[in-house]
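Student: Take this structure first; my questions come after.
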Amino acid sequence: MCHYCGCREIPLIKDFIREHEAATDLTGEIARLLAAGDLVVAGTLLAPLAAELVAHWRGEEDGLFRVMRADPEFAAYIDALEAEHRGLAALLAATDLASPADRSALLAAFDELHAHIAKEEDGLFPASLIALTAADWNTSMAAWQAAHPGRRPSPPG
C-alpha cells in the first residue's frame, strides 16, 4: 500500500480503507475456518461479508467512482473495478460451501479481492487527490453517507 501521497488522511479515503480492512479481516477468518473444516461457522460469515461489501461498493460507485468517471482517463479503470464488484457479489450469493469447487472459487476470489483493493488504494485513491474538486468530494462523501445510514464518517486529519 502506498503512503506517499497523503490520500490516507482524507476522511472519505480513511473510511474506504477501514472498510477494506473489515472485509479482508472477514475473508481471512472465513479462509481460516474453511481450512479447519468448519463450514458451518464459515457460512455464517458470508452474509456479514456481503453486507459490508455492498455498503462499501455503493458508497464507492455512487460517489467517488461516479465523479471520477467523468474524466475519460479513469472510465475504463473504474468500469473494471465495478465489474470485479459484480463478480464477487454474484459469487458470494451463489456459493455453496458444501461444494469443494465453490470453496476453491471463493478462496481464489478472496485473493483477487486483495489485488482489487490494491488497485483502489494504490491507484484510484491517490489519483483522486488531483482529479476531484471540492464539489466532487462533497458528492462522494454524501454518497458514502447514503450507503452507510447511521454511521459517522471519519473525522478530518
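The values are calculated or read from the model by the stated rules, or taken from the named source; none is laboratory data. Here the structure is a predicted model, which means the values were calculated and not measured. Virtual Cβ from ideal backbone geometry, glycine too; neighbours counted across all protein chains shown. When the accessible area is computed, the model is the full protein with side chains, heavy atoms only, and any ligands, DNA or RNA have been set aside. Shrake-Rupley method; radii C 1.70, N 1.55, O 1.52, S 1.80 Å.
Student: Among (1) touching a residue at least 40 places away in the same chain (Cβ under 8 Å); (2) open to solvent by less than 70 Å² (accessible area, probe 1.4 Å), which single condition is PRO155 missing?
Tutor: The number of the failed condition is (2).
Student: So the check is Cβ under 6 Å with 6+ separation or different chains; which pairs have a first residue in region 122-141 that's among the aliphatic types (A, V, I, L, M) and a second one that's part of a helix (DSSP H, G or I) and open to solvent by less than 20 Å² (accessible area, probe 1.4 Å)?
Tutor: Listed by first residue and then by second, the contacts come to LEU129/CYS7; ALA131/MET68; MET141/LEU12.
Student: Kindly check whether there is at least one residue in region 7-15 that is in contact (Cβ under 8 Å) with a residue 24 or more places away in the chain and farther than 20 Å from GLN145 by Cα.
Tutor: no
Student: Before we move on, is THR95 among the hydroxyl-bearing types (Ser, Thr, Tyr), open to solvent by less than 60 Å² (accessible area, probe 1.4 Å) and within 26 Å of LEU34 (Cβ to Cβ)?
Tutor: So THR95 fits the description; yes.
Student: Okay, moving on. Being at pLDDT below 95 and surrounded by fewer than 14 Cβ atoms within 10 Å (Cβ to Cβ): is that true of ALA83 here?
Tutor: no
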